[in-house]
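J.: Here it is, the structure in full.
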Protein chains: 2
Amino acid sequence: MQILLIFFIAIALPISLSAQSPLGLNHEETHDLRTLEKEFDSHIDRQDMHVWMREMSSRPHHIGSEWNKHNRYYIASLLESWGYEVSLDEFNILFPSPNIIELELISPLKYTASLTEMPVDGDVSTFNTSELIPPYNAFSIDGDIEGELVFVNYGVPEDYELLERFGIEVKGKIVIAKYGRSWRGIKPKLAAEKGAIGAIIYSDPEDYGYTVGDVYPDGAWLNDTGVQRGSVMDMPLYPGDVLTPGVGAVKGEERLDIDEVQTLTKIPVMPISYSDALPLLSSIGNEVAPNEWQGSLPITYHLGPGPAKVRMRLEFNWDMIPIYNVIARLEGSIYPDEWVMRGNHFDAWNFGAADPISGLVSMLAEAKAISEMVKNGYSPSRTIIYGAWDAEEEGLIGSTEWVEHNAETLKRNLVSYVNTDGGSKGFLNIGGSHTLENFFNDIIKDVNDPSLNVSLFDRKVADLLVNGSDEEKDHIKKGNDLRINALGSGSDYSPFLQHLGVASAHLNFSGEGDGGSYHTLYDTYEHYTSWRDPDLVYREVLAKVAGRSTLRLSESRILPFNFSNFLDTVNLYLREIKLLSESLRLETRNVNSLLDEDIYRLALDPAKSFSPPRKTPNVPFFNFSILDNNLDMLSNAISIYEKAYYEKGIRPENIIYLNKLLYQSERLLTRDHGLPNRPWYKHHIYAPGFYTGYGVKTIPGVREAIEENDFEIVDQQIIIVADIIKDLANNLLDASNLFY
Amino acid sequence: MQILLIFFIAIALPISLSAQSPLGLNHEETHDLRTLEKEFDSHIDRQDMHVWMREMSSRPHHIGSEWNKHNRYYIASLLESWGYEVSLDEFNILFPSPNIIELELISPLKYTASLTEMPVDGDVSTFNTSELIPPYNAFSIDGDIEGELVFVNYGVPEDYELLERFGIEVKGKIVIAKYGRSWRGIKPKLAAEKGAIGAIIYSDPEDYGYTVGDVYPDGAWLNDTGVQRGSVMDMPLYPGDVLTPGVGAVKGEERLDIDEVQTLTKIPVMPISYSDALPLLSSIGNEVAPNEWQGSLPITYHLGPGPAKVRMRLEFNWDMIPIYNVIARLEGSIYPDEWVMRGNHFDAWNFGAADPISGLVSMLAEAKAISEMVKNGYSPSRTIIYGAWDAEEEGLIGSTEWVEHNAETLKRNLVSYVNTDGGSKGFLNIGGSHTLENFFNDIIKDVNDPSLNVSLFDRKVADLLVNGSDEEKDHIKKGNDLRINALGSGSDYSPFLQHLGVASAHLNFSGEGDGGSYHTLYDTYEHYTSWRDPDLVYREVLAKVAGRSTLRLSESRILPFNFSNFLDTVNLYLREIKLLSESLRLETRNVNSLLDEDIYRLALDPAKSFSPPRKTPNVPFFNFSILDNNLDMLSNAISIYEKAYYEKGIRPENIIYLNKLLYQSERLLTRDHGLPNRPWYKHHIYAPGFYTGYGVKTIPGVREAIEENDFEIVDQQIIIVADIIKDLANNLLDASNLFY
C-alpha cells in the first residue's frame, strides 16, 4: 500500500526520487553513477603512484627547501597537464628553522647528545642527509638554559598529578617526557604551566622502538638514533601562521608582533632519540618512577629532580618565508557554485614517503582518473577542487591560511572537504562529520579490501565483532551504520571543519604496516615500500574510496547529508558526558571522604614519600534538560525531513536552495564567539582537546569544562549547544517545507 | 528482653558463655586471656630475632649442607633450652643435587652461559660462594640435548594457545620461558605435554629486575646475574618425597622405583639469569612475539623456532639423604590430646635470610615468649607443637613426610595448623580455612601496624577501600569480616590442609619491602635488613599475630570455628563457577559462530601467519541444584548451631566432644578418593591448580573440569561437593544437640 503510494507520488511530481537513494537519484541515474565509478577505477594506476612517490620523496622537502619547490611545480604541472585550472596560492608566514640545537648532560657525568640520525644499510635515501632539516620542534622559543632533569612520563595532566603526590615540583627544572599519549605540543605547554624552564621529548623504545617490533632496516620500527621532529605550536589555541590568527597571511595583511603571539611555546623544547635519552635518564636519581612509567630502556627510570643536569641551547632563524598551496579546479557544469573539495598536504619534514606522499599519490591518482573521464565525456555537476597544501607540518599553515583568506567564499560555496594524509594498510579509518556517516558507509560497502575478497565495510565489521567493545558489537549487530570517528586535529581538515563549519572527513588506512618512521630520517620510499604498503595496493583502494566520495558528492541531486546518524552520535556524546559528570561526582565524593577519614594515608607505604591525592571540588549537578529537549526537537524535525524526502517530491527550482540548506547545516554547529578561551575554534560539536592536542573532544565546551573542574560555565555551554541543535532542527524544518 | 534471658540462662546452666565471645570464654576469662597476650607481647625481643637471623643465614643451608645441620641443632637447642620437648624426626628422601649444569648457545653464534651469580659490593655474604648450591631446578631429569629455541612467554596454557595460532609448534624444540604467572613447575610440565624436549626458565627484568626497581645492591631487585633456583617436582600431583607418595619416607617403608615416579619432570629444565638469557633471546628469529610478550630486555623478542640453537647438559646426583624436622612440644594441661600447631621451614636454597628465616625467627620468638610465660606460671590448656621443617624448598618434603607418617594421629588430635614462611612488610595477608576467618579478623583488630597507629585490620580495610574491587569495597562497607584468601600451595600448610583436612592458615606480610632476591644468592641478611624489613618490626608483629592465634586456639573453651563465613565464601566460589560456566558458554558460542561465518579471518592481517583460534566444544548446562539445596541445608544448620551457641549452655563433660566435632569438621571437606587424577589432594574446597601450581583453585573438582573442557565429570564433581556440604551440615546439627 505504501509502496504504491510512493510510486504514485513519484510519477505525479516534478522530480521523482529513487526511494532508497540517499543521493536523490533515480534508478537509472544511480546506475549511470555506478558505471562512472567503474570507469574511475579503471583509471587508477599504481605504477603512476610509484613514480610520483619515488620522485617526490627522493629528497628532503620541508618548507623553504629546494625539493619542496620542485614538488610544488611537479604537482602543479601534473594537474595542469590533466586539464585542471591550477593556481599557486602564496602566503607569507613566520617559519623558525634551526640554527643552533645543542644538548649536553653536564652532571653527574658529561655527555653531548649526538642529535644525529644515522644512515642505515639497504636504504640509500638515508645517506642523502645534506639537505636534511635537523631534528627540532618548530615554534619552540630560543633559549640557552641549564637545569636539573625531572622525568615526567608522557607529560600529560595525570602525570603531573602523580608527581605532585610524590612531592616533586618541576619549577625551575627541565622536564624529560616520552613522546605519545598526547600531541607533542601539549608537553611543553603543560610543563611551562607547571613552572619548568625547558622540555626534552624522546621516543621510548616501548612505544616506537624495539619493544614494538624489529627496528629499521630489519623492520619498520624506530632505531636508536631516530628522532621525531614536529611542531609544538599551541594549535589547540589556533593553528596556522602564528602572526595572523583568523586572517590569511597574504602580503599587506596586518601581523602580530612576535611578542604578542600566544602560540609559541613558553619554554625551549627539543626532541631526541632513545640513544641520546639513555645517558640522561640513567643519570636521574631520587624516587623510582612508578611501574607504569617505566619504559623499555634497560634501566630503572627515576623521577629526579637531578642529579642529572643538562644544558640546552636552541637558536632559530625566525624568517618570513613564502609558502604555496597548489589549488586545482574543475568547474561544475550544473552547479558551478557548489564546490566539492579534496586535500592532502605535500610538504614533509624529510623525505616524507609516508607522510604526506602516501596520501598525496592517492589524491593525484584520483584527480588524474577524473581528468581521464572528462576526456571521455564526463562533466562533473559540481565544481571539484583539489588542494595540495604546503606547510602542514609546522601547524596546518597552508590550509589554515587558505581557509582564513577565503573564508567568506568557502562558507558560501563549499559543500564538503575530504582530507587524506600519510597512512599504511589494514583497516580504513573514517573520521568526520556525522552527517556524512551514512554516505561513507555506502561507499565502503562498494569497495573491496585488496587482500581479502570482501568489502571494506565487511572487514571493518569483522574487526569490531572480534575486537570491539560490547557497545560497538551491539551497535553493529543491530544493523546500524558503522560509526565514524569524530575529528580532533592533526591534519588539514581542522580549519575546514572547526573554523569554518564545513562538513569534512578524513580517510586513512592503518592497523597493519604500522611503523616508527614518523617525522624521522627514515620515512623514505625504501621504508614505505618495504614495510608500510609495499605494492601501494591500499593507496589504490584509498583513491577508490576518496574518488567515490568526490564523484557522489558531485553527482548527487540532493546532497547525501544524513541527520539521523548525527543525532544518534550527539546523543551518544551526551550520554558519555552525563556519565562522566556522574562518575566524576561519585569518585570525587568518595576520594574526598576517604581523605576526610584519613583512610587514604593508611593504604600507602609509610616509608615512602608518596602522599594521598589532593581534595578536589565536589561536582554539582548540571542542567542538561534544555539540551535533551532540543535533541527531541531535532529528532522530530529529522522525522519530518526524512518523511518528506522519501515520500514527497521536489521541484527542480528548489533543488539549489535545498542543497544550500543541507551543506550549510554544518555551519549551524559553529558560533562566531568560538569555544571558551579559544575563539578560533568555532565548532561546538568537535574540537581538538585543549590538553590532549590532536585527540578529539566532542561537545568540547561542555566536556572540557567538566574535565577541568570549570563547573561555573557548564550550564552556559550546555545552552550554547542546545541553541545549535535548535537551529539545526529549524533548518531541517525549512528544508522539509521545500518538498510537497 | 533477650539480654535478660541470656543472663538467666547463663547463670542457670553449668557453663556460662560470654555472649559475644567466639572463644567460649566468659568476661573474666576473656580478660585473663588479654592479660596473657600483653605478657606475651612483652617477651617478643627483636634483638633475639636479629641474632637468630644473622646466625642461621650466615652460610648457605640447603638440605644436606653443613649449615643446614648446624641450623637444625641450633633451633633444637634453642627450643630445648626454653623447656620444650624436642625431637628430630628423620626421613630418608631422594634428593637430586647438581653435578653438571651446562648451557651453550651453539648457533647462530656461540655463547656459553655463565650460570654464575656475581658477588656485590656492600654485601659480604655474597662473597661466600664456596658452599653455594649452583642455580638449578630440583627434580628436573638428567639430559644432554640439543635443539632450536622457541620463546613461549610465561609458558602457561594461554601462551601455547597463541603459539598455535601463529602455527608454531614446540615439538622437538627447547622452550625458553619467563619466570612468573604460574608456579615454575608448570612450565616444563606443559612444555613436555606439547612435545618440547627441554625447557629454560629465566627472570625477565620486567618482572624481577630493573623495570620493577633499582637492582641489588642499589635496591632490592634482581641484578643481571641472579638466578631463581627452585623445585619443578610436579607438586600439583603430590608433594613430598617423590619415592613415597602418601606414606612417610621412614626407613623400611616401601619405595617406588625411580622410573615409576610421576612427579619428576618429563624433560630437562634449568633456570638462568637475564644476562644469560639476553644472547639466547636475541638470537631467536622468525615471527616477532606479541606486544604483551615483550619483556624489558633491550631487544625485540621473537618466537622462533631457531635459528638460535642450544645445547643443555644436566646431570644430577640422585642421592638418598636424611632430612630432619625439628619438632617441639609443650603438653596441654587440660586437653593434652588436642594439638595446636605452628610451623615454618628452616632449610633454604642459599642464605635464605628472607626465605625462610624471616618467618622462622617470628616463630622462634613466639615459642620463646610462651616458654617465658610458662616460667611465670602459665600452662597451656591444649598441647602446643612447633615444627621447623626441613626440605621445604625441594617440594614441601619435610612437612609432607611428617604429615603422611603421622596421618592417623594428626587426624585425630590436630586442631589447627598455622604456617609462616619468608615475608617482608606492609599488609598482612591471611590465607586459610574460612572457618578461621572470623577468628583471624578478631586477632588483627587487636594488633597494631608498627608504622601507623592503627590496627592491622584498619590498615587492610584502608587498602581495600582505596585499591579494592567494587565487590571488596562493598563487602567491607557492609561491616563484614575481611575475607581471607583460599590457600593453594607453596609452603608447608599444603599437606595439613589439603591432604589431611586440618583447618590451616598462612600468615605473611607483603606489599612493601618487596624485592627480587627470591631463591638467589642475594637473599642475605644484608639484603633483608637493607630492603625488606630493616628493623624486623614486622617480624615482631607477625609473632604477635601468630602468637595470639596459638594462645587463643589453646585457651578457647569452645574452639573458634565459624561456619557462617565459610558458607558465605563457598557461596561466593559457587557464584564464580556459575559465572565462569556462563561466560565460557557465551564466549565459546560467540567465537565458534564467528569462526563458522569466517569473520575471524577477516579481522586478521592477511600478510601475517597468525590464524583464528580453534573451535572449542560448546559448554553444556550443569546441574548445580543439588549443591544449592545442600548449601541451604548448611545455612539452616549454621543458624541452629549459632542459636544454640549463643542462647543455650553446655555441660563440661560435652566440651571435648563438641570441640572434636568442630575441629574435625575440616576433615569432612575431604574425600579419600581425592580429586580427579590426583588422589593425594583430598580437600574438595581448596587445591593448588593443576595448571597454575601454587595458585589456588577453589571447589577444584568442579572448577577445573569446566576450565579444562572436561564437561562429562562436572555434574559428578558437583555431587561430591554437595555431599560434603551435607556432611558438614549434619555435623553442625550434631554439635547443636550438645547444647541445651
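J.: What residue among A:Asn223, A:Asn508, A:Gly359 has its Cα farthest toward the positive end of the dipole of chain A, where the charges are +1 on Lys, Arg and -1 on Asp, Glu, each on the Cβ?
T.: The one lying farthest along the dipole's positive direction is A:Asn508.
J.: Sticking with this structure for a sec: For region B:566-616 and region B:298-362, what is the separation of their C-alpha centers, rounded to whole Å?
T.: Spelled out, the Cα-based centre of one part sits 38 Å from the other.
J.: Okay, moving on. For region A:714-740 and region A:367-427, what is the separation of their C-alpha centers, rounded to whole Å?
T.: Centre-to-centre distance over Cα atoms comes out at 29 Å.
J.: Only four residue types carry charge here, +1 at the Cβ of Lys and Arg and -1 at the Cβ of Asp and Glu. Report the dipole size of chain A about the Cα centre in Debye, rounded to the nearest 20. Let's see the in-between values first.
T.: Details: 64 positive and 107 negative charges, 221 e Å.
Value, rounded to 20: 1060 debye.
J.: While we're looking at this one, here's another question. Given R₀ = 41 Å, FRET efficiency for A:Tyr657-A:Asp257 by Cβ-Cβ distance, to 0.05?
T.: On the way: r = 46 Å, r/R0 = 1.12.
Efficiency, from the Cβ-Cβ distance: 0.35.
J.: When all alpha-carbon pairs of region B:183-249 are counted, what percent fall beyond 17 Å?
T.: Details: 1295 of 2211 pairs.
Here the tail beyond 17 Å accounts for 59 percent of pairs.
J.: Okay, moving on. Can you give me the relative contact order of region A:563-736 as a percent, contacts being Cα pairs under 8 Å and 6 or more apart? Each step should come with its number before you reach the end.
T.: Working: 168 pairs, mean separation 46.9, N = 174.
Relative contact order, region A:563-736: 27 percent.
J.: Taking just the alpha carbons, could you work out the radius of gyration and Dmax for region A:683-724, both in angstroms?
T.: In order Rg, Dmax, the Cα atoms of region A:683-724 give 9.8, 27 Å.
J.: Between copies, how close do the A:Asp45 label points come, placed 7 Å along Cα→Cβ, listed in nm from shortest?
T.: Ordered by distance, the counterparts are at 9.7 nm.
J.: Between B:Asn291 and B:Ile321, how high is the FRET efficiency from 1/(1 + (r/R0)^6) when r is the Cβ-Cβ distance and R₀ = 56 Å? Nearest 0.05.
T.: Numbers: r = 46 Å, r/R0 = 0.83.
Working from the Cβ atoms, E equals 0.75.
J.: Averaging sequence separations of C-alpha pairs under 8 Å and six or more residues apart, then dividing by the length of region A:605-706, give the relative contact order as a whole percent. Spell out each step's value before the answer.
T.: Working: 55 pairs, mean separation 11.4, N = 102.
Once normalised by length, the contact order is 11 percent.
J.: Tell me, what is a quarter of the convex hull surface for the C-alpha atoms of region A:546-693, in nm² with one decimal?
T.: Across all orientations, region A:546-693 yields a mean hull projection of 14.5 nm².
J.: Run a plain Debye calculation on the protein assembly as shown (Cα atoms as equal point scatterers, no solvent) and give log10 I(q)/I(0) at q = 0.06, 0.07 Å⁻¹, rounded to two decimals, same order as the q list.
T.: For the requested q values the scattering log ratios are -0.69, -0.91.
J.: In whole Å, largest first, what are the principal axis extents of the Cα atoms in chain A?
T.: Per principal axis, max minus min of the Cα coordinates gives 87, 64, 54 Å.
J.: Still on this structure: Binning every alpha carbon pair distance of region A:96-320 at 5 Å from zero, what are the percents per bin?
T.: 1, 7, 14, 18, 19, 16, 11, 7, 4, 2, 0, 0
J.: Hey, rough spin-label estimate for A:His673 and B:Val374, points 7 angstrom out along Cα→Cβ, what's it come to in nanometres?
T.: Here the answer is 8.6 nm between the modelled labels.
J.: Residues with amide H under 5 Å of A:Tyr216's amide H, sequence separation 5 or more or different chain, H placed in the peptide plane at 1.01 Å from N; which?
T.: Counting only residues 5 or more places away or on other chains, the set is A:Trp221, A:Leu222, A:Asn223.
J.: Taking only the alpha-carbon positions of region A:252-309 and ignoring solvent, what does the Debye formula give for the base-10 log of I(q)/I(0) at q = 0.14, 0.28, 0.29 Å⁻¹?
T.: The calculated log intensity ratios at q = 0.14, 0.28, 0.29 Å⁻¹ are -0.56, -1.18, -1.21.
J.: Count, for each residue of B:604-611, the Cβ atoms from other chains sitting within 10 Å of its Cβ, then give me the mean as a whole number. Write down the numbers at each step before the final one.
T.: Numbers: counts 5, 7, 8, 6, 1, 0, 0, 0.
Per residue, the average neighbour count from other chains is 3.
J.: Would you please give the residues with an amide H less than 5 Å from that of B:Ser504, counting only those at least 5 places away or on a separate chain, with H modeled from the backbone geometry?
T.: It is B:Tyr417, B:Ser433, by chain and number.
J.: Shifting gears a bit: Can you compute the FRET efficiency between A:Asn429 and B:Arg601 using 1/(1 + (r/R0)^6), with r the Cβ-Cβ distance and R0 = 25 Å? Round to the nearest 0.05.
T.: 0.75
J.: Additional query: In chain B, what percentage of the DSSP-assigned beta bridges are antiparallel, given to the nearest 5? Before the final figure, lay out each step's value.
T.: Details: 51 of 83 bridges.
Just about 60 percent of them are antiparallel.
J.: Additional query: Defining the label point at 7 Å along Cα→Cβ, can you sort the distances from B:Lys110 to the same site in each other copy, shortest first, in nm?
T.: Sorted ascending, the copy-to-copy spacings read 4.1 nm.
J.: For region A:92-97, what does the Karplus curve 6.51 cos²θ - 1.76 cosθ + 1.60, with θ = phi - 60°, yield as ³J(HN,Hα) per residue in whole Hz, taken in order and with x for Gly and Pro?
T.: Whole-Hz 3J(HN,Hα) from phi for region A:92-97: 10, 10, 7, 10, x, 10.
J.: Turning to a different aspect of this structure: By count of other Cβ within 10 Å, fewest leading, how are A:Lys251, B:Lys697 ordered? All intermediate terms of the calculation are to be shown ahead of the outcome.
T.: Numbers: A:Lys251 8, B:Lys697 23.
Lowest count first: A:Lys251, B:Lys697.
J.: Let me ask something else about it. I need A:Tyr301, B:Tyr73 ordered by Cβ neighbour count within 10 Å, fewest first.
T.: Values: A:Tyr301 24, B:Tyr73 13.
Ranked by crowding around the Cβ, least crowded first: B:Tyr73, A:Tyr301.
J.: I would also like to ask the following. Could you let me know the centre-to-centre spacing of region A:164-237 and region B:162-178, using Cα atoms, in angstrom?
T.: 36 Å
J.: Please figure out what share of the DSSP beta bridges in the protein assembly as shown is antiparallel and state it in percent, rounded to the nearest 5.
T.: Details: 101 of 166 bridges.
Bridges in the protein assembly as shown are about 60 percent antiparallel.
J.: Still on this structure, please answer the following. Below 9 angstrom from the Cβ of A:Gly306, what's the summed charge of the other residues (Lys, Arg +1; Asp, Glu -1)? Walk me through the numbers before you get to the answer.
T.: Numbers: positive: A:Lys173, A:Lys309; negative: A:Glu148.
Net local charge, A:Gly306 excluded: +1.
J.: While we're looking at this one, here's another question. Relative to the first principal axis of the alpha-carbon coordinates of chain B, what is the inclination of helix B:625-647, with its axis defined by its Cα atoms, in degrees from 0 to 90 and to the nearest 10?
T.: On a 0 to 90 degree scale, this one is about 40.
J.: Sort B:Lys478, B:Lys643 by Cβ crowding within 10 Å, fewest neighbours at the top.
T.: Numbers: B:Lys478 7, B:Lys643 12.
The most exposed by this proxy come first: B:Lys478, B:Lys643.
J.: Of all DSSP beta bridges located in region B:95-320, what percent are antiparallel, nearest 5? The partial results should precede the final answer.
T.: Numbers: 21 of 36 bridges.
In region B:95-320, approximately 60 percent of DSSP beta bridges are antiparallel ones.
J.: Right, here's the next one. What is the sum of charges, Lys and Arg at +1 and Asp and Glu at -1, for the other residues whose Cβ falls under 12 Å from the Cβ of A:Val418? Before the final figure, lay out each step's value.
T.: On the way: positive: A:Arg342, A:Arg548, A:Arg552; negative: A:Glu366, A:Asp421, A:Asp492.
My count for the surroundings of A:Val418 gives 0.
J.: To test your reading of the geometry: what angle, between 0 and 90 degrees and rounded to tens, separates the Cα axis of helix B:537-555 from the longest principal axis of chain B?
T.: 50 degrees
J.: Let me ask something additional. Describe numerically, in nm with one decimal, the distance between label points set 7 Å from Cα along Cα→Cβ at A:Asn406 and at A:Phe127.
T.: Reported label-point gap for A:Asn406 and A:Phe127 is 4.3 nm.
J.: Specify the angular offset, from 0 to 90 degrees and rounded to the nearest 10, of the alpha carbon long axis of helix B:714-736 from the longest principal axis of the alpha carbons in chain B.
T.: Tilt of helix B:714-736: around 20 degrees.
J.: With an 8 Å Cα cut-off and a minimum separation of 6 or more residues, compute the relative contact order for region A:96-320 in percent. Kindly include the intermediate steps, with their values, before the conclusion.
T.: Values: 491 pairs, mean separation 76.5, N = 225.
Computed value for region A:96-320: 34 percent relative contact order.
J.: Multiplying the sequence separation of B:Arg589 and B:His27 by 0.36 nm and subtracting their Cα-Cα distance, what value in nm do you get?
T.: Working: separation 562, 0.36 × 562 = 202.32 nm, distance 6.00 nm.
Extending this stretch completely gives an extra 196.3 nm.
The numbers here are math on the coordinates, done by the rules we state, and not lab data. Nothing here was measured: the structure is a model prediction, and the numbers come from that model. In this analysis, Cβ positions are derived from the backbone assuming ideal geometry, glycine residues included, and neighbour counts consider all displayed protein chains.
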